[in-house]
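Take a look at the structure set out below.
The values are calculated or read from the model by the stated rules, or taken from the named source; none is laboratory data. Worth saying up front: this structure is predicted, and the values here are computed from it rather than measured. Ideal geometry is used to build each Cβ from the backbone, glycine not excepted, and the neighbour counts take in all protein chains shown. Protein only, heavy atoms only, side chains kept; ligands, DNA and RNA dropped before computing areas. Shrake-Rupley method; radii C 1.70, N 1.55, O 1.52, S 1.80 Å.
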Amino acid sequence: MKSNIIKGSLGEIIAEELRRSIWKREIEFGERLIENELSVKYDVSRNVIRDSLKILENDGMVIIEPRKGTYVSDFSNEDWKEIIDLRLMVESYAFLKALPHLGEKEFAELQTILDEMKDKNSIEDWIDLFDLDMKFHSYIVNLSGNSRIIKLYESIKVQIRTFLLYLDEYYTSPKAFYEEQEELMKALLTKEPKIVENKIHTHIKYVEGKFLG
């Protein structure tokens, strides 16, 4: 069902603020979100807060229970496994479809993102590092040329980004996370489908193994 909330509206702005508060762990999984408190905190009407919570519900970030309230989703290991499996299916397909569209200009854009990641890993900025990781992967998915795959990826991107916030506990350092992304870039530069497919598979499964054991 198509949302009637305009992208870039005040509701979307507040929704993004709430997402980032969750990613920074200022708001915990399972925590109740109270409209009145949020209205005062962000100095907006309760209608705006309701719009923002609806956006987060569409993202799968909150659960709205009639007569009970709104709670931040508390993902189980099975939820994370499903998200990882879906990410693997979408990215494996999209990365291969993107290969013919990766030229000098596109590789330069990806290198710029990698360079930003390198800067962030030196100051251990996990939040921005994970944002850049999503930017890198999204850029390639958008080159796939398949509008439905792109739309599907957009619909799960927030949940993937939410999953990433756990990973700072499983990497020895931001540098190790960056180096893994650098290896993925090297695979893309070969433009060899089998090499890219194997790398994206090991890249995502490596993350799953670290998190889910």
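Can you tell me which residues in segment 9-43 are farther than 27 Å from W126 by Cβ and open to solvent by less than 70 Å² (accessible area, probe 1.4 Å)?
If the condition is that a residue be farther than 27 Å from W126 by Cβ and open to solvent by less than 70 Å² (accessible area, probe 1.4 Å), then S9, G11, I34, E35, S39 are the ones that fit.
Looking at (1) open to solvent by less than 10 Å² (accessible area, probe 1.4 Å); (2) within 23 Å of D168 (Cα to Cα); (3) not β-branched (V, I, T), can you tell me which one K118 breaks?
All conditions are met except number (1).
Just a yes or no: is a residue in segment 171-189 free of Cβ contacts under 8 Å to residues at least 24 places away in the same chain, more than 20 Å from T112 (Cα to Cα), open to solvent by less than 30 Å² (accessible area, probe 1.4 Å) and in a helix (DSSP H, G or I)?
no
Report yes if some residue within segment 190-213 is touching a Pro at 6+ places or on another chain (Cβ under 9 Å), of a type outside the set (D, E) and surrounded by fewer than 17 Cβ atoms within 10 Å (Cβ to Cβ); otherwise report no.
yes
Quick check on I150: is it closer than 20 Å to A94 by Cβ, open to solvent by 30 Å² or more (accessible area, probe 1.4 Å) and among the β-branched types (V, I, T)?
The answer is yes for I150.
If a residue must be closer than 15 Å to I13 by Cα and either out of contact with any helix residue (DSSP H, G or I) (no Cβ under 9 Å at 6 or more places or on another chain) or among the aromatic types (F, W, Y) (or both), how many such residues does segment 25-40 contain?
Selection size over segment 25-40: 0.
Name the single residue that is least open to solvent (accessible area, probe 1.4 Å) among those in segment 44-68 being more than 15 Å from E28 (Cβ to Cβ) and touching a Lys or Arg at 6+ places or on another chain (Cβ under 8 Å).
For segment 44-68, the residue satisfying everything is D59.
Which pairs do you get when a residue that is at positive phi, found in segment 30-48, comes within reach of a residue that is part of a strand (DSSP E or B), reach meaning Cβ atoms under 7 angstrom, with the pair 6+ apart or on two chains?
From residues that are at positive phi, the pairs are G30/Y71; G30/V72.
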